[in-house]
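Some notes on the structure that comes next.
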Amino acid sequence: MAADVKEIIRAARGRGSNSLDEPVGKELLASFGIRVPASRVVTSPEELPSAVAALKPPYVLKVVSDEVVHKSDFGAVKVGLKDLAAVERALTEINAALDAKRIGARRWLIEEMAAPGIEVVVGGVVDPEFGPMIMTGLGGVFVEVMKDVAFRICPITRADAAEMLSELRGAALLHGARGRAPVSTDAVIDVLLKIGGENGLLTNSADEIAEIDINPLLVTSDAATAVDARFILQKTAKR
Ligand code: ADP
Ligand code: MG
């Protein structure tokens, strides 16, 4: 597993990149046992039919581009696509939105749509003083507006991860507040451990990885799926 990380990061650096794009980031998460949607990368509209045929509907289509960090802001994420025709229309729309901003798209990620659930954020940063640190919070306004997040220094234990979730002000949402079904906190805890636990991805690779952002991790009653992933690499690998 550790070899995968080094290889994936070396390849990205070889392409002159200081980040991992979404498909590569998700491959890395998957190699650590974190669930990601089944997906295909296409580099032309002609590749869509076979990609669609290999996946189960509904589909999500997104652009993959270094120039587009917050894809939704660019109109470059389309969800709930039922069939090939819908995916083809979505591609046309995404390209038109990007053309208007003079961004030339060359690659798109088509993936299966994860079941609806609660959106959680899992992040990691490498602090100059404390080293690798893991963060979690509830998605959307909870993180962005209310700053309702919990941080710990890595490595964390299972008890630390559970405590991180329970100290969130919005924790009740995970347990089924407001008439919603409760979601699996165990699935979130597993992801926190796979990133920031002993031998976790960030814990072990803080010399290579500067930042991890899983936003969102979509959590249902029995699973947690990383539907977006962004990695920023250390400027030069620290030894
Ligand atoms: P952005 O770069 O804008 O953060 P995301 O990849 O996070 O783009 O997609 C935007 C939103 O679309 C997500 O917050 C999530 O609600 C939804 N989404 C994206 N991919 C999937 C997926 N595979 N399954 C279900 N929902 C998804
Ligand atoms: Mg996102």
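The values are calculated or read from the model by the stated rules, or taken from the named source; none is laboratory data. This one's a predicted model, so the numbers in the text were calculated from it and none came from an experiment. Neighbour counts run over all protein chains shown; Cβ positions are idealised from the backbone, glycine included. Only protein heavy atoms, including side chains, enter the accessible area calculation; ligands, DNA and RNA are left aside. Shrake-Rupley method; radii C 1.70, N 1.55, O 1.52, S 1.80 Å.
Here are the numbers for the structure shown:
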item: Which numbered condition D213 misses (of (1) within 16 Å of ligand 2 (Cβ to nearest atom); (2) on the phi > 0 side of the Ramachandran plot); result: (2)
item: Number of positions in the stretch 200-220 that are away from ligand 1 (no atom under 16 Å from the Cβ) and in contact (Cβ under 8 Å) with a residue 40 or more places away in the chain; result: 10
item: First in the stretch 133-146 and in contact (Cβ under 8 Å) with a residue 12 or more places away in the chain and among the basic types (K, R), second anywhere and open to solvent by less than 50 Å² (accessible area, probe 1.4 Å) and not in a helix (DSSP H, G or I), Cβ under 6 Å, 6 or more apart; result: none
item: In the stretch 25-44, residue least open to solvent (accessible area, probe 1.4 Å) [restricted to those that are closer than 23 Å to A85 by Cα and either part of a helix (DSSP H, G or I) or among the hydroxyl-bearing types (S, T, Y) (or both)]; result: S44
item: Any chance A223 is within 15 Å of the chain's Cα centre (by Cα) and within 25 Å of V63 (Cβ to Cβ); result: no
item: Positions within the stretch 204-227 being within 26 Å of I110 (Cβ to Cβ), part of a loop (DSSP other than H, G, I, E, B) and open to solvent by 40 Å² or more (accessible area, probe 1.4 Å), in sequence order; result: D222
item: Residue list for the stretch 110-134, filter: away from ligand 1 (no atom under 16 Å from the Cβ) and surrounded by fewer than 21 Cβ atoms within 10 Å (Cβ to Cβ); result: V125, D127, P128, E129, F130, G131, M133
item: Unmet requirement for E22, which otherwise passes all of (1) surrounded by 12 or more Cβ atoms within 10 Å (Cβ to Cβ); (2) over 30 Å from L84 (Cβ atoms); result: (2)
item: Qualifying positions in the stretch 45-78 - without any contact (Cβ under 8 Å) to a residue 40 or more places away in the chain and either among the hydrophobic types (A, V, I, L, M, F, W, C) or assigned to a strand (DSSP E or B) (or both); result: A53, A54, V68, F74, A76, V77, K78
item: Residue match in the stretch 88-95 (condition: within 16 Å of ligand 2 (Cβ to nearest atom) and touching a residue at least 12 places away in the same chain (Cβ under 8 Å)); result: yes
item: Pick from the stretch 80-95, criterion of a type in the set (A, V, I, L, M, F, W, C) and surrounded by 15 or more Cβ atoms within 10 Å (Cβ to Cβ), ranking: farthest from K56 (Cα to Cα); result: I94
item: Total residues in the stretch 199-223, condition in contact with a Ser or Thr (Cβ under 8 Å, 6 or more places away or on another chain) and within 19 Å of F151 (Cβ to Cβ); result: 1
item: Qualifying positions in the stretch 228-239 - more than 16 Å from ligand 1 (Cβ to nearest atom) and not in a loop (DSSP other than H, G, I, E, B); result: L233
item: Residue in the stretch 52-69 that is of a type in the set (S, T, Y) and either surrounded by fewer than 17 Cβ atoms within 10 Å (Cβ to Cβ) or over 17 Å from the mean Cα position of the chain (by Cα) (or both) present; result: no
item: Test: residue in the stretch 177-187 that is among the small types (G, A, S), in contact with a helix residue (DSSP H, G or I) (Cβ under 8 Å, 6 or more places away or on another chain) and surrounded by fewer than 20 Cβ atoms within 10 Å (Cβ to Cβ); result: no
item: Criterion (out of contact with any strand residue (DSSP E or B) (no Cβ under 9 Å at 6 or more places or on another chain), within 16 Å of ligand 2 (Cβ to nearest atom) and not acidic (D, E)) met by exactly one of V191, V141, V122, V227; result: V141
